[in-house]
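Here the structure is laid out as structure tokens; the discussion comes afterwards.
Since every read-out is calculated from the coordinates, none of them should be taken as a lab result. Nothing here was measured: the structure is a model prediction, and the numbers come from that model. Glycine gets a Cβ as well: all are built from the backbone with ideal geometry, and neighbour counts include every protein chain shown.
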Amino acid sequence: MKKHLPKSLLMCLLSVCSALIFAQPGALDPSFSNDGKVWYDFGFQDNITDITQQPGDDKILAVGTAITPAFSGKLLVLRMLADGSLDPSFGNNGSFILQSFNESYAYSVRPMPDGSIWVAGAAANDQFIFSVLLLKLTANGTPDAGFGTNGVMTYDLGPADDFCYDMEIDASGRLLLAGKSLNASFQNEPCIVRINADGSLDTQFGIDGVARFAVMNEDNNFYRIALDAQGRIVVAGHYALPITPDGQTNLDMLVARYTAAGMLDASFGNGGYHIVPISQQYTESAFALGVDASSNVYVGGYTTQLDFSFDAILLKYDASGLADAQFGNAGIFRFDENVQDVFYDLKVGSDNKLYACGTTGGFFFDDRDFLFVRLNLDGSADNSWGENGQFVTTTIDTAFDEANALCFQSDGRAILAGKGFTGSNNDAAFVRYFLSDETGFSSSALPGFSCSPNPVVAGQSLKINCSNPSSIQNIQLIDLQGRLIWEGHQVELSFTMPSIPAGTYLLRLITPKAVQTQKLVVQR
């Protein structure tokens, strides 16, 4: 494994850091791996598909896939500390990789109050036929020997490939898994599986533990699952229509609600579901889903344009399943900044804001960035968010960055997780953001640290004052997005301000024992 920066010094510094924290909503959190970003390499190609915070502490759980140089996918679970470093008390120095299948993928993770961890996904047998996979880990990241075989159980739902892409846990502790199952006609059926805590199928749910959505064509799926305030099950994905006359695949968004017994809820939409054509003859899919306290449903994903570019979209349905025509623009919030824009996850915040993450950039392997959007619940722009009043983008390293999952932390900050191309391969990537204005003080590690003048004009001499100037190893200027603007390795206590745009910055002093940061206003 490797990280994008040598971290031993700075992680230690940040752990004892005393600083002034000043951030605007959507800014990168510099207390997370020193610049708000971190990535890890598990050997070849890596991707994170879900992320969450453990109950009762600040540790972060994430799951995905580590692909070997032989192109074999291996289920990956990792746990990070609050500063973004891997937790050495978990698994093998912070990660667990499942080796017992030809192929295995993790798509969803749910920690439990007792410290145990559920991971759901799919695994292939010796004939490379996939089954739904459920893994149970102990709190220290080892397989739970009391569950299944070495902590693993698999489920065959049909005659061929079965996948689980998302998971929820109901009030009775039963696991609800959403995904797809290939039927005897070689059509993928969107399905929900309910599993008891001991790993057995709950035969009181649906038919023999499985609720299936009837289909007419091949490519159908449930990608997301959520529970509303009434305990009803909401799912989202896509539904296949016949191939278009000009030979194009035609997928529509699929949104459905089931009763707790696993039957379509006839009080929602069109007999329990909506099949939503955004474009009339091209592909769209729902990868993101959220439900608020009033059981309103928010769905996100993408739609394909005539030039085969992608627009990221969000929709809203009320508790009865009626589309909200006042949401966004005529019922749709559309994000169209680049050639390919996609939402992969969304959350409804406790601040009554709608957050969505994904990717924005060019076609295929062209440059893309993490995308993070915040809206009001009516789909209107939140003008306090980021530099654009609506969205922020973050580059991981060089190209092809994709945020697949989003979680809120208990301190009110948010982490996006996915993958970033770091020059030769994709690594598991994480970015942490402030969600609100934050200003806070703690005890000073450099007594008397100050700078003058403040505000300062670019080109003017800035003087640094502190009680122990010989201890200063480095000095940096960081903007409020967490980006390094200027750095001086041979520190002078008086230096000329570089020619940088006017605005508010963080002046950061680094010593062997601490990092101290102070707000600095630059004027023109």
Task: Relative contact order (%) - criterion: Cα under 8 Å, at least six apart; region: segment 44-156 - done: 19 percent
TODO: Name the long-range amide H neighbours of Arg224: under 5 Å, sequence gap of 5 or more, or other chain; modelled H, no Pro or chain starts.
DONE: Ala236
TODO: Kindly write out, for segment 235-251 in residue order, the coupling ³J(HN,Hα) from the Karplus curve 6.51 cos²θ - 1.76 cosθ + 1.60 (θ = phi - 60°), rounded to whole Hz, with x marking Gly and Pro.
DONE: 9, 8, x, 8, 10, 8, 9, x, 4, 5, x, 8, x, 8, 5, 10, 10
TODO: Can you tell me the FRET efficiency between Asp378 and Phe308 if r is taken as the Cβ-Cβ distance and R0 is 30 Å, rounded to the nearest 0.05?
DONE: 0.45
- [ ] Using the structure shown, list the pairs from Lys59/Lys136; Lys59/Lys353; Lys180/Lys347; Lys74/Lys136; Lys74/Lys419 with a Cα-Cα distance above 21 Å, or answer none.
- [x] Lys59/Lys353; Lys180/Lys347
- [ ] Wrap a convex hull around the Cα atoms of the chain, take a quarter of its surface area, and give that in square nanometres.
- [x] 24.9 nm²
Task: Percentage relative contact order, segment 254-377, counting C-alpha pairs under 8 Å, at least six apart - done: 17 percent
Open item on the list: Which three extents, in angstrom, do the Cα atoms of segment 297-387 have along their principal axes, listed largest first?
Closed with: 40, 29, 19
TODO: Go through Pro25, Gly179, Ile169 and say which Cα lies farthest out towards the positive end of the charge dipole of the chain; charges sit on Cβ, +1 for Lys and Arg, -1 for Asp and Glu.
DONE: Pro25
Task: Mean Cα-pair separation over length for the chain, i.e. relative contact order, pairs under 8 Å, 6 or more apart, % - done: 14 percent
Open item on the list: Need one number: convex hull volume per residue for segment 230-283, Cα atoms only, in Å³.
Closed with: 77 Å³
- [ ] Residues in segment 449-464, backbone N under 14 Å from the label point at Ser494 (7 Å along the Cα-to-beta-carbon vector): list them, ranges by number please.
- [x] 452-453, 460-464
Task: Whole-number Å³ per residue for the convex hull built on Cα positions in segment 345-438 - done: 97 Å³
Task: Packing-based ranking, highest mean first, of 305-313, 245-253 given that Cβ atoms within 10 Å are counted - done: 305-313, 245-253
- [ ] Going by C-beta contacts inside 10 Å, put Met167, Met216 in order with the fewest on the left.
- [x] Met216, Met167
Task: Per residue Cα convex hull volume in Å³ - calculated over segment 44-156 - done: 93 Å³
Open item on the list: To the nearest 20 Debye, how big is the dipole of the chain about its Cα centre, given +1 on the beta carbon of each Lys and Arg and -1 on that of each Asp and Glu?
Closed with: 1500 debye
Task: Separation of alpha-carbon centers, segment 289-326 and segment 104-182, rounded to whole Å - done: 28 Å
Open item on the list: When a/c reaches 1.5 or more, the comparison of a/b and b/c decides; with that in mind, is segment 157-336 rounded, prolate or oblate per its Cα gyration tensor?
Closed with: oblate
- [ ] Work through the residues other than Pro242 whose Cβ is under 14 Å from its Cβ and net out their charges, Lys, Arg +1 and Asp, Glu -1.
- [x] -4
Task: Relative exposure of Cys164, Cys191, Cys357, judged by other C-beta atoms within 10 Å (fewest first) - done: Cys191, Cys357, Cys164
Task: Two-site label geometry, Asn217 and Ile129: point separation in nm, points 7 Å out along Cα→Cβ - done: 2.7 nm
- [ ] Please identify every one of the chymotrypsin sites (Phe, Trp or Tyr not before Pro) in segment 25-89 that sits in a loop by DSSP and has no more than 13 other beta carbons within 10 Å of its own beta carbon.
- [x] Phe71
TODO: Highest first, please rank the peptides 458-466, 295-303, 266-274 by the mean number of other Cβ atoms sitting within 10 Å of their residues.
DONE: 295-303, 266-274, 458-466
- [ ] Could you pull out every residue, at least 5 positions away or on a different chain, whose amide H is within less than 5 Å of the one on Ser116? Hs are placed 1.01 Å off N in the peptide plane, and Pro or chain starts have none.
- [x] none
